[in-house]
Amino acid sequence: MSYAHRMKVCYILNGQKTEVQAEEGHTLLDTALIAKIPAPYSCMEGSCGSCEAVIEEGRTSEDQENTQIVRTCQALPKSEFVVVNYDKGLQKKICI
């Protein structure tokens, strides 16, 4: 089922929330960058992990059991509303 005409993504980065419309076929990272959100990234191929974030609400193409962390350069939104928290993704990296 395609939600392209009504998908929204809420990004949390540096304590600020920004909600944007998502385009079909665009990854969560692509959508953030198009909206001028300074999301962290490096390789854009899913290998470095710089773009990891926690999905607080909604589903993505990269959903896996027992984890809410996705690489946003690979993940596509798969529900009408997705909350992407880059702040929590960064906290997890700092603690490792």
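Read the figures in this text as sums done on the coordinates, not as results from a lab. Computed from a predicted model, the values in this text were never measured in an experiment. Virtual Cβ from ideal backbone geometry, glycine too; neighbours counted across all protein chains shown.
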Lys17 passes all but one of the listed conditions (1) surrounded by fewer than 18 Cβ atoms within 10 Å (Cβ to Cβ); (2) closer than 18 Å to Leu76 by Cβ; (3) of a type outside the set (A, V, I, L, M); the exception is number (2)
Looking only at segment 69-85, decide whether some residue is free of Cβ contacts under 8 Å to residues at least 24 places away in the same chain and part of a loop (DSSP other than H, G, I, E, B). no
